[in-house]
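Below is one structure; the comments refer to it alone.
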Amino acid sequence: MVLEFCSKFVKTLVNNRIYYYNKTVIIQILEEIVMPIASGIQAPDFSLPDENNTIRRLSDFRGRPVVLYFYPKDDTPGCTTEACSFRDEYSAYVNADVVILGVSPDDQKSHGKFKTKFALQFPLLSDFNHIVCNLYGVWGPKKFMGREYEGVIRTTFLVDANGRIARVFEKVKPAEHSAEVLAAIKSF
């Protein structure tokens with residue numbers, strides 16, 4: 001996909017990487033764009049351990065909608081707010097027969113402490129090598145207090161009962177997010 005032309009180079013997007021090239025220059029990656037996978041496609045299946053070291057597969061929940069939310073780190077202000085909003089509205093998810101799965105790079109021990117401390121009722125999955133985060137396009141460059149680093153870009157995927165991504169929520173506001181997801185669930 002050609003994005004734009006400039007006087008000497010063509011700027012092209014291929015597999016979420018921006019390449020600049022001309023007739024004589026070898027293709028070179030100058031920028032990388034992180035974009036989550038789109039709605040309407042089959043959700044990539046995965047296997048990850050939860051806080052109890054039980055392996056959870058997305059396909060195990062086929063036949064039920066799944067809220068698959070990716071968050072940066074256990075027991076941090078935004079992540080705690082987001083998790084607690086899902087916890088506080090958990091009965092509405094149960095009544096709608098919806099599964100909630102939280103995913104972060106934290107290990108199982110950290111997830112166990114976080115889940116216990118805040119009485120979370122849903123599994124927290126450990127993606128410590130960020131393989132699933134990469135698969136879903138939510139691992140990428142971040143900036144905090146002037147420091148640049150790689151990490152989880154807070155994103156939620158609403159997966160329908162057939163395993164297709166029904167909706168993608170980007171730039172999530174933790175305090176309002178659960179209500180936004182519930183409203184989307186009611187619409188399908």
Calculated FRET efficiency for the pair F118/R62, C-beta based, R₀ 30 Å, to 0.05 = 0.55
Net length gained if the chain between A183 and D97 were fully extended (0.36 nm per residue, minus Cα distance) | 29.5 nm
Simple spin-label estimate for T54/E148, 7 Å along Cα→Cβ, in nm, reads 4.2
From the phi of every residue in region 83-98, what ³J(HN,Hα) in whole Hz does the Karplus formula 6.51 cos²θ - 1.76 cosθ + 1.60 yield, where θ is phi - 60° and glycine or proline is x?
-> 4, 5, 5, 5, 4, 5, 10, 4, 4, 5, 5, 4, 4, 8, 6, 9
For region 153-158, Karplus-derived ³J(HN,Hα) couplings (6.51, -1.76, 1.60; θ = phi - 60°; whole Hz; x for glycine and proline) come out as 8, 3, 8, 10, 10, 9
For G151, residues with placed amide H under 5 Å, excluding near neighbours = G140, K142
Take Y93, Y69 and order them by how many other Cβ atoms sit within 10 Å, fewest up front.
-> Y93, Y69
Cβ-defined net charge surrounding A161, 14 Å radius [Lys, Arg +1; Asp, Glu -1] | +1
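No value in this document is a laboratory result; all are computed from the given coordinates. Keep in mind it's a predicted model, so treat the numbers as computed, not measured. When we count neighbours, we look across all protein chains shown, and the Cβ atoms used for this are built from the backbone with ideal geometry, even at glycine.
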